[in-house]
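The values are calculated or read from the model by the stated rules, or taken from the named source; none is laboratory data. Just so we're clear, the structure is a prediction, and the values are computed from it rather than from any experiment. Cβ placement follows ideal geometry from the backbone for every residue including glycine, while neighbour counts extend to all protein chains displayed.
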Amino acid sequence: MSDDERTRAHVFVSGRVQGVYYRANTRDAAHERDLDGWVRNLDDGRVEAVFEGPRDAVESMVEWCHEGSPRAEVSDVSAEYGEPEGLSGFEIRR
């Protein structure tokens, strides 16, 4: 698969990632990379996100998740890659 082919990453981020602007910073970082998808808080304290776009941009975004927002303390990031579903735009889900 070449770098410009589209891919999808379904990501779960653990640590102190809620109440620290993680979702807003994720949205901004995804916009900078021209990615589609969404991000939301989970009831168990994790953040869940989906990124779709060119493989190199998606991989860069998954790497970004390990740091996240300046106030976040990320303890773990798990990502599962697959075929894009054709999402359009990037949103924060409630």
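Before moving on, here are some points about what is shown:
- Per-region count, the range 54-65, residues surrounded by 12 or more Cβ atoms within 10 Å (Cβ to Cβ) and within 13 Å of Val11 (Cβ to Cβ): 7
- Residue that is farthest from the chain's Cα centre (by Cα), among those in the range 77-91 that are surrounded by 11 or more Cβ atoms within 10 Å (Cβ to Cβ) and assigned to a strand (DSSP E or B): Gly82
- In the range 40-61, the residues that are closer than 18 Å to Ala24 by Cβ and of a type outside the set (Lys, Arg): Asn41, Leu42, Gly45, Val47, Glu48, Ala49, Val50, Phe51, Met61
- In the range 67-76, residue farthest from the chain's Cα centre (by Cα) [restricted to those that are in a loop (DSSP other than H, G, I, E, B) and surrounded by 11 or more Cβ atoms within 10 Å (Cβ to Cβ)]: Arg71
- Enumeration of residues in the range 34-46 that are over 15 Å from Glu59 (Cβ atoms) and aliphatic (A, V, I, L, M): Val39, Leu42
- Enumeration of residues in the range 16-33 that are farther than 14 Å from Ala57 by Cα and without any contact (Cβ under 8 Å) to a residue 24 or more places away in the chain: Gly19
Table: residues versus (1) modelled with pLDDT under 95; (2) assigned to a strand (DSSP E or B).
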{"position": "Met1", "(1), (2)": "yes, no"}
{"position": "Gly19", "(1), (2)": "no, no"}
{"position": "Arg23", "(1), (2)": "no, no"}
{"position": "Val39", "(1), (2)": "no, yes"}
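- Single residue of the range 24-53 satisfying the filter (among the charged types (D, E, K, R) and farther than 15 Å from Gly89 by Cα) that is surrounded by the fewest Cβ atoms within 10 Å (Cβ to Cβ): Asp43
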